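Worksheet: one structure, shown below.
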Amino acid sequence: NAGVTQTPKFQVLKTGQSMTLQCAQDMNHNSMYWYRQDPGMGLRLIYYSASEGTTDKGEVPNGYNVSRLNKREFSLRLESAAPSQTSVYFCASSSDRSYGYTFGSGTRLTVV
Amino acid sequence: AQKVTQAQTEISVVEKEDVTLDCVYETRDTTYYLFWYKQPPSGELVFLIRRNSFDEQNEISGRYSWNFQKSTSSFNFTITASQVVDSAVYFCALSEARSNYQLIWGAGTKLIIKP
């Protein structure tokens, strides 16, 4: 199925561990995004990539890094996980900045 | 200051009732876009509608309708004859040039449809 694929769907980390969340889209979209969603706080932008080769910080970038590997893939890395990073992470893509986003199914991350 | 306000945190209605979800936005741009997304209990985010600032025509899609009024900076969403499957969190979002067209999200409205 065409769309945005995120892996893994669930992950439990210990404090201080690192991990990379993977995201790939097959819609030839230029822009890709990483969001986190916490209860009662809606969606907050972590990083985005307007086009291949560029990345920019969003609202809550601290503790994260990203890589736009190619047009299809945009990964999010937690170098040293903290309990405050327990959240649901969504990757999204869009063909044009003014168009709606297509979201992946999310990654539920728990840091203990 | 919040740019997208969804004042209704939670709404509960009985099946078959009509329900309106409110969305009020703030922007100084003349060109902007408004969106509604649905997040059912399964967790995925589903795009419902995109509306640009130059098109104030109301839109109807089956039981869903949207009322865009620039005069009141509102983009409200109505579900007619609600069904249990409509139970979800609904998000309104704004995209404007001065924010580089990144989506600015409302906090969401949780809609509960009781059988």
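Which residue, of B:Glu44, B:Glu17, B:Glu56, B:Glu26, is of a type in the set (D, E, K, R), free of Cβ contacts under 8 Å to residues at least 40 places away in the same chain, surrounded by 12 or more Cβ atoms within 10 Å (Cβ to Cβ) and away from chain A (no Cβ under 14 Å)?
On the way: B:Glu44 fails: away from chain A (no Cβ under 14 Å); B:Glu17 fails: free of Cβ contacts under 8 Å to residues at least 40 places away in the same chain; B:Glu26 fails: free of Cβ contacts under 8 Å to residues at least 40 places away in the same chain.
It is B:Glu56.
So, in the range A:36-68, exactly how many residues are in contact with an Asp or Glu (Cβ under 9 Å, 6 or more places away or on another chain) and either within 14 Å of chain B (Cβ to nearest Cβ) or not in a strand (DSSP E or B) (or both)?
Quick first cut of the range A:36-68, residues in contact with an Asp or Glu (Cβ under 9 Å, 6 or more places away or on another chain) only: A:44-50, A:63-65, A:67-68.
When the remaining residues are screened for being either within 14 Å of chain B (Cβ to nearest Cβ) or not in a strand (DSSP E or B) (or both), the result is A:44-50, A:63.
Number of matching residues: 8.
From the set of residues in the range B:60-115 that are part of a strand (DSSP E or B) and of a type in the set (D, E, K, R), which is farthest from the other protein chains (Cβ to nearest Cβ)? Give the steps one after another, and end with the answer.
As a first pass, look at the range B:60-115 and keep what is part of a strand (DSSP E or B): B:60-61, B:64-69, B:74-79, B:88-96, B:103-105, B:109-114.
If we keep only those that are of a type in the set (D, E, K, R) as well, we get B:96, B:110, B:114.
Working: B:Glu96: 9, B:Lys110: 10, B:Lys114: 22 Å.
Out of the qualifying residues, it is B:Lys114.
How many residues are crowded, with 22+ Cβ neighbours inside 10 Å and either part of a loop (DSSP other than H, G, I, E, B) or basic (Lys, Arg) (or both) if we restrict to the range A:82-103?
The qualifying residues number 1.
Conditions first: (1) closer than 30 Å to B:Gln6 by Cα; (2) within 14 Å of chain B (Cβ to nearest Cβ). A:Met27 passes all but one, so which condition is the exception?
Status for A:Met27: all satisfied but (1).
Could you check how many residues of the range A:23-50 are buried (at least 18 other Cβ atoms within 10 Å of the Cβ) and of a type in the set (S, T, N, Q)?
Here the count works out to 4.
Just need a number here: residues in the range A:69-80 that are charged (D, E, K, R), surrounded by 15 or more Cβ atoms within 10 Å (Cβ to Cβ) and part of a strand (DSSP E or B). Steps first, answer last, please.
Of all residues in the range A:69-80, those charged (D, E, K, R) come to A:71-73, A:77, A:79.
Then drop every residue that is not surrounded by 15 or more Cβ atoms within 10 Å (Cβ to Cβ), which leaves A:71-73.
Adding the requirement that they be part of a strand (DSSP E or B) leaves A:73.
Going through the range A:69-80 one residue at a time, the tally reaches 1.
Restricting the range A:69-103 to residues that are more than 14 Å from chain B (Cβ to nearest Cβ) and among the basic types (Lys, Arg), which is farthest from the chain's Cα centre (by Cα)? Explain how you work it out, then say what you get.
Here is the first cut: in the range A:69-103, the residues more than 14 Å from chain B (Cβ to nearest Cβ) are A:69-86.
Subset that is among the basic types (Lys, Arg): A:71-72, A:77.
On the way: A:Lys71: 15, A:Arg72: 13, A:Arg77: 9 Å.
The qualifying residue farthest from the chain's Cα centre (by Cα) is A:Lys71.
If A:Thr20 satisfies every condition in (1) under 24 Å from B:Ser42 (Cα atoms); (2) touching a Lys or Arg at 6+ places or on another chain (Cβ under 6 Å); (3) within 14 Å of another protein chain (Cβ to nearest Cβ); (4) of a type outside the set (Asp, Glu) but one, which is the exception?
For A:Thr20, the failing item is (3).
Please pick out the residue among B:Arg98, B:Arg63 that is basic (Lys, Arg) and either crowded, with 16+ Cβ neighbours inside 10 Å or in contact (Cβ under 8 Å) with a residue 40 or more places away in the chain (or both). Spell out the reasoning first.
Details: B:Arg63 fails: either crowded, with 16+ Cβ neighbours inside 10 Å or in contact (Cβ under 8 Å) with a residue 40 or more places away in the chain (or both).
After applying the criteria, what remains is B:Arg98.
Restricting to the range A:23-35, name every residue that is outside any strand (DSSP E or B) and without any contact (Cβ under 8 Å) to a residue 60 or more places away in the chain. Show your work before the answer.
Within the range A:23-35, the subset outside any strand (DSSP E or B) is A:26-30.
Result: A:Asp26, single match.
FYI, it's all coordinate maths here, none of it is from the lab. Quick caveat, the model's predicted, so the values are computed rather than measured. Positions of Cβ are backbone-derived with ideal geometry, glycine not excepted, and every protein chain shown enters the neighbour counts.
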